[in-house]
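**Student:** The structure that follows is given in the form of structure tokens.
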Amino acid sequence: MSLPSLQSLVEPDRVHRSVYTDPAIFDLEMRNIWERTWVYCGHESQVPQVGDYHTLQIGRQPMVMVRQKDGSVRVLYNRCPHRGVQLCGNQRGNTGTGFVCSYHAWSFHLDGKVRAIPLKQGYEGTRLDMGHPDCSMKSAARVDSYRGFVFASLADEGPGLLEFLGDAKVAFDDMCDRSPLGEVEVVPVCHRVVQHSNWKFFMENQLDALHPSVTHQSTGVPARRVEQRVKADQGAAPLFFHYLSAFATSFDQWDSVQTVNFPRGHGILKAYMGLRPTDPDTVAYETLMKQAYGEHKAEEFLSRSIHHVLIYPYLSVQSPLQQLRCLRPLAADKTLSEIWHFRLKGAPEAIYRRSLWYFNLVNSPATMINADDLENWTKGQWGLQASMAGDWVSFHRNHGGDEERDGVLYSNKGTSEVVMRSQFKAWSEYMAPALAAAQA
């Protein structure tokens, strides 16, 4: 596909199937979206001690997040400047006082600056010496954090982190504000899933309120029956039954919720997940919250109407349950999904266990819920390869029926496909430089 035709791939109510399948378009996405915008690296609690590191990928660039001697966090390219070998081969660990290459023993300070080169006399008379910047590890152009969540941008220019997040920063506010101490810490175990589908399938699905009652009916309906039977026999059922039975919610109920769609493709799915039972554990937790923030502020924090928050193009945050899913695209038809879980500092153990149930019942690789979605996305990827069956993917549902105020789109129907239209509007804006370059 020629680059000038990019402008014809996205229309107000549909997109061309090639945006999911074409490797050339995927390459452009990596350069123009993932390697230019702010990308989530991890949480500060993943690197608590000096020398602690966590490896990740930004676009197609291998990176490492590392704790510095002064307590700050830096994000460096995970690459020795000598012959290109990755300096950290594990996902996480502690590198001591610096990095050492396993190939030729070049060593670097924690900030990436070269520390020692073995047999350095061999470079005398060449243009490479220890004072040359090419001898040091390269840093991400910009690194910033918000409430302990660390982001990096590989582009020197662009909006700052807070401007990029905009109103979608509520994802992190809502998660942290639910802690009596105003902070969270990562739970070290991360679920990792490789999806045999384009990254956009995941992002569209997270605020798609039409699919749960179809896709997850085989889980939600039996779970509701068991929940009702347990209630009849015992007077009440554990909350974790609700995590699954909620997927049997009717179409009308899903249509009554609202999505709020911000600039840059971010968005919120409101309501639906009720987490305010009156059991003793919840009462004790809410008492701690009132002691910490006062009754009015605690109620504000506990009653926010949020189920999912999307940070486009890579994060899905379920802040009331301290869950975060991050995408690392690998190819046009292959995506790594990282599923992280957080603990509310200062909250009772029972509240942590409640969210842990959701982490394992709904978001782990072993759940029926996750398996249902993965199957649909894979079949979607396969179906879009059918070049003779039609070129377009439909986002017509409730097109023209939603409300726009100050650049924010509010769905008038919960099942409106405004979510997808908003995401592709952002996609087009990010990809505009590629089109401009092709036309120059």
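The values are calculated or read from the model by the stated rules, or taken from the named source; none is laboratory data. Remember, predicted model here, so these are calculated numbers, not experimental data. A quick note on method: Cβ atoms are made from the backbone with ideal geometry, for glycine too, and the neighbour counts reach across all protein chains shown.
**Student:** State which residue pairs qualify: first residue within 16 Å of K113 (Cα to Cα) and touching a residue at least 24 places away in the same chain (Cβ under 8 Å) and inside the stretch 81-92, second residue β-branched (V, I, T) and assigned to a loop (DSSP other than H, G, I, E, B) in any location, beta carbons under 9 Å apart, and separation of 6 or more residues or different chains.
**Tutor:** Within 9 Å, the pairs are H82/I117; L87/T95; C88/T95.
**Student:** Quick one: is L327 under 26 Å from F247 (Cβ atoms), touching a strand residue (DSSP E or B) at 6+ places or on another chain (Cβ under 9 Å), among the aliphatic types (A, V, I, L, M) and assigned to a helix (DSSP H, G or I)?
**Tutor:** no
**Student:** Of all residues in the stretch 172-217, how many are part of a loop (DSSP other than H, G, I, E, B), buried (at least 22 other Cβ atoms within 10 Å of the Cβ) and out of contact with any helix residue (DSSP H, G or I) (no Cβ under 7 Å at 6 or more places or on another chain)?
**Tutor:** Of the residues in the stretch 172-217, 1 are part of a loop (DSSP other than H, G, I, E, B), buried (at least 22 other Cβ atoms within 10 Å of the Cβ) and out of contact with any helix residue (DSSP H, G or I) (no Cβ under 7 Å at 6 or more places or on another chain).
**Student:** Would you check if there is a residue in the stretch 405-415 being closer than 25 Å to V214 by Cα, out of contact with any Cys (no Cβ under 6 Å at 6 or more places or on another chain) and surrounded by fewer than 16 Cβ atoms within 10 Å (Cβ to Cβ)?
**Tutor:** Yes, the stretch 405-415 contains at least one residue that is closer than 25 Å to V214 by Cα, out of contact with any Cys (no Cβ under 6 Å at 6 or more places or on another chain) and surrounded by fewer than 16 Cβ atoms within 10 Å (Cβ to Cβ).
**Student:** Does A236 qualify as being part of a loop (DSSP other than H, G, I, E, B), over 19 Å from R328 (Cα atoms), outside the structural domain of R92 (by TED's automatic domain parsing) and modelled with pLDDT under 90?
**Tutor:** Against the criterion (part of a loop (DSSP other than H, G, I, E, B), over 19 Å from R328 (Cα atoms), outside the structural domain of R92 (by TED's automatic domain parsing) and modelled with pLDDT under 90), A236 qualifies.
**Student:** Among the residues of the stretch 116-141, what is the count of those that are free of Cβ contacts under 8 Å to residues at least 24 places away in the same chain and under 19 Å from V75 (Cβ atoms)?
**Tutor:** So the count comes out to 2.
**Student:** So which residues in the stretch 171-225 are among the hydroxyl-bearing types (S, T, Y) and at pLDDT 95 or above?
**Tutor:** Answer for the stretch 171-225, where residues must be among the hydroxyl-bearing types (S, T, Y) and at pLDDT 95 or above: S179, S197.
**Student:** Return the total of residues in the stretch 73-116 being in contact with an Asp or Glu (Cβ under 9 Å, 6 or more places away or on another chain) and crowded, with 19+ Cβ neighbours inside 10 Å.
**Tutor:** 5
**Student:** Ok, one more. So which of K425, K345 ends up being in contact (Cβ under 8 Å) with a residue 24 or more places away in the chain and under 29 Å from D252 (Cβ atoms)?
**Tutor:** Just a single option satisfies the conditions, and that option is K425.
**Student:** Being farther than 14 Å from N205 by Cβ and either surrounded by fewer than 16 Cβ atoms within 10 Å (Cβ to Cβ) or among the aromatic types (F, W, Y) (or both) is the filter here, so list the residues in the stretch 377-396 that pass it.
**Tutor:** Result: W382, G383, Q385, A386, S387, M388, A389, G390, D391, W392, S394, H396.
**Student:** Could I ask something else about it? Condition first: among the hydrophobic types (A, V, I, L, M, F, W, C) and crowded, with 21+ Cβ neighbours inside 10 Å. Now tell me which residues in the stretch 141-153 satisfy that.
**Tutor:** Within the stretch 141-153, F149, V150, F151, A152 qualify.
**Student:** Inside the stretch 81-99, can you point out the residues that are outside any strand (DSSP E or B) and more than 18 Å from H132 (Cβ to Cβ)?
**Tutor:** V85, Q86, L87, C88, G89, N90, Q91, T95, G96, T97 - these are the residues of the stretch 81-99 that are outside any strand (DSSP E or B) and more than 18 Å from H132 (Cβ to Cβ).
**Student:** Now, a different point. For V257, state whether it is closer than 23 Å to D373 by Cα, of a type in the set (V, I, T) and crowded, with 18+ Cβ neighbours inside 10 Å.
**Tutor:** yes
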